Amino acid sequence: TKEAYARIDALDGEVGAFLALNKEAAEQEAAEKDQVPFEERGPLFGLPIGVKDNIVTEGIETTCASKILEGFNPIYSATVVEKLREAGMVTVGKVNMDEFAMGSANENSAIKKVHNPWDFDRAPGGSSGGSAAAVAAGEVPFTLGSDTGGSIRQPAAFCGVVGMKPTYGRVSRYGLVAFASSLDQIGPITRNVRDNALLLEAIAGVDEHDSTSANVEVPSYVDQLTGDIKGLKVAVPQEYLAEGVSEGVKAQVLAAIEKLKELGATVDTVSLPHSKYALAAYYIISSSEASSNLSRFDGIRYGFRAEADNLEDLYLQTRAQGFGDEVKRRIMLGTYSLSAGTYDAYYKKAQQVRTLIKQDFDKVFEEYDVIVGPTTPTTAFKLGENLDDPMTVYANDILTVPINLAGVPAISIPCGFDNNMPVGLQIIGKYFEEGTIYRVADAFE
Ligand code: GLN
C-alpha cells in the first residue's frame, strides 16, 4: 500500500488515473493487516487495488467521473468491494473513467484526462481508462473495471495489460452504477493472467442483492493454468481480421494464432455473419437502457443540485449542468429509440439483431472451445484525435460489443507491439468457461 501511494505520488500527475485517494484509512488498514499471521493470509491478502469510480464505496466519494455526482458519498459498498475486503485487499482509491462509462478514450471524464503510460500523447482507451493506465504505470497491481461494450478489454489492449469481461451474471452488479443493465459486467484488470484469475475468483459468485447474478459454482481458475492446450479447438472469425483492422494489429494477432498451433491447438476460420450489425444494435440498446437508468439523477437524491426556482426547473438545470455532452447524446438517442413512434423500428429491431448475434456465437461454440481475434482494430489513438467525431470513436468498439450482446466472457491479453504501442489479443469463451480462457491466455506467458 505504501509503495502504491509512493508510485501514485510520483506518477499520477502525468498519468491522471486516480480520482479519490483513500490514503489515511488505507494505510491504517494495511498496518493492521501486517499483524495478521502468515498462515491466515490468502493469496491476495494485503495487496493494493484501485476501484473504478462507478463502483460504490462506502466512505469514499463515488462520482462516475461526472459533475452530477460531485460530493456523493455512498452509504454502502458494492458486493465486489465487500468481497475484496473479505480477501484482505486494500482499496487505495477510485480510478478515472469516461463519464458514466460512456466512451472509448477516457476523454469524456468531467474531471480530468488519463494519459496512456506507453505514450502520454495517446489515449488509454475507455471507459476503464484509469483502471488500465494505473496498472500499466505500475501504480497498483490490480484494478476493477466495468465492461458494457468493451470498457475493460479495449483499455487493457491499449495499455498492454490483462483485462477480463466475465460472463454476464458471473459477478454481482450490486453497487455498480448502471449504464446498460443487460450488458454491464465488472471484471479484473491486472499485469498478468495469474493475478487476473485470482482476482476473478475473489469477486465472482451469486449474490442475493443482484437477481441477474448466476447461481453457477465458481471453480478455481488458477488450478486451470496448466499451460497445456493440446487438442484445443480454436475458431478465428473472418470478420475479425477483415477490412478496418490495421496491418500492424493483424500481423501480431496472426503471430499469436501461429503460436497456438505450435502449442498443439487446432485452428479454423469461421464466420460470425451478424457481426456487422453489432455496433448499431449495441448503441441503440445501451443508450435505451442508459436513458432509463440515468433518470434517477434528478438533483434530489444524489450529488449535485442546481439553483432553481421550482421543482421542474431544478430537474432541468441539474441535468443540463450536471451531465456532459456524450451522456446527453446517449440519453437523447435512447429516449428517441424507446418512443412510441420509433420503438418498433429501432429498439425492437436491435433486440432481434441481438438474438441473431447470440446465435452466431452459440453455433461456433457447438464445435470450438474458444474464439480468438484482435481486441481492437488499431492500437491507441492520439488524445484529442476524434473529439468532434463520435461515430469514429464508436467504430473502435466493433470487435468488443458483440461479446456483450451475446453475454459470453472474453479477455484481452498483450500480444506484441505495433510502432511501440501494445496490441491486444482477444480470447472469447463459452458461457461460464472463464477457466478455459485463462488456460489459453496463460499458455502465452
Ligand atoms: N465504448 C463503449 C461505449 O462508449 C463501451 C463502454 C463500456 O463498455 N462501458 O459505450
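The values are calculated or read from the model by the stated rules, or taken from the named source; none is laboratory data. On a predicted model such as this, the values are computed, not experimentally measured, just so you know. Quick reminder, even Gly has a Cβ in these numbers, built from the backbone with ideal geometry, and neighbours come from all protein chains shown. When the accessible area is computed, the model is the full protein with side chains, heavy atoms only, and any ligands, DNA or RNA have been set aside. Shrake-Rupley method; radii C 1.70, N 1.55, O 1.52, S 1.80 Å.
Worth a mention:
- Relative contact order of the chain, taken over Cα pairs closer than 8 Å and 6 or more residues apart, is 19 percent.
- Cα shape, the range 352-424, gyration tensor, a/c 1.5 rule: oblate
- Magnitude of the charge dipole for the range 126-202, about its Cα centre and with charges confined to Cβ atoms of Lys, Arg (+1) and Asp, Glu (-1), is about 120 debye.
- Residue-span extension gain [residue 242 to residue 306] - 0.36 nm each, minus C-alpha spacing: 18.2 nm
- Extension gain, residue 251 back to residue 32 (0.36 nm per residue minus Cα-Cα distance, nm): 73.9 nm
- Under the criterion of Cα pairs below 8 Å and six or more residues apart, the relative contact order for the range 184-316 equals 17 percent.
- Taking the protein heavy atoms of the chain in the context of the full set of protein chains, the accessible area attributed to carbon and sulfur is 49 percent at 1.4 Å.
- Remark: the chain carries 40 Å² of accessible area per residue (probe radius 1.4 Å; ligands, DNA and RNA excluded).
- In the structure shown, the pairs 382/430; 94/363; 250/358; 2/250; 259/430 are assessed against 29 Å; a Cα-Cα span above that value is assigned to 382/430; 94/363; 2/250.
- Residue among 80, 402, 142 farthest towards the positive dipole end of the chain, charges placed on Cβ: 402
- In the range 69-205, Cα pairs under 8 Å separated by at least six residues give a relative contact order of 22 percent.
- Prolate/oblate/rounded call for the range 53-161, Cα gyration tensor, a/c under 1.5 rounded: oblate
- Mean-position separation - Cα centroids, the range 374-445 and the range 283-348, in angstrom: 29 Å
- The range 150-219: C-alpha gyration tensor shape, a/c 1.5 cut-off, then a/b vs b/c: oblate
- Cβ crowding within 10 Å averaged over residues, with 243-251, 53-61 ranked highest first: 53-61, 243-251
- Translational diffusion coefficient (Stokes-Einstein; Kirkwood radius from C-alpha pairs) of the chain at 20 °C, 1.002 mPa s, in µm²/s: 99 µm²/s
- Projecting the Cα atoms of 56, 297, 284 onto the charge dipole of the chain (Cβ charges, centred on the Cα centre) puts 284 farthest toward the positive pole.
- Once both labels are positioned 7 Å from their Cα atoms along Cα-to-Cβ, the gap between residue 14 and residue 392 label points is 2.7 nm.
- Rounded to the nearest 20 debye, dipole of the range 26-132 from Cβ charges on Lys, Arg, Asp, Glu: 280 debye
- Residue among 248, 163, 237 farthest towards the positive dipole end of the range 159-258, charges placed on Cβ: 248
- Largest-first ordering by accessible area, 1.4 Å probe, given options 47, 84: 47, 84
- At R0 = 35 Å, FRET efficiency that the Cβ-Cβ distance of residue 120 and residue 313 yields, to 0.05: 0.25
- Relative to the Cα centre, the charge distribution of the chain, modelled as +1 at Lys and Arg Cβ and -1 at Asp and Glu Cβ, gives a dipole magnitude of about 700 debye.
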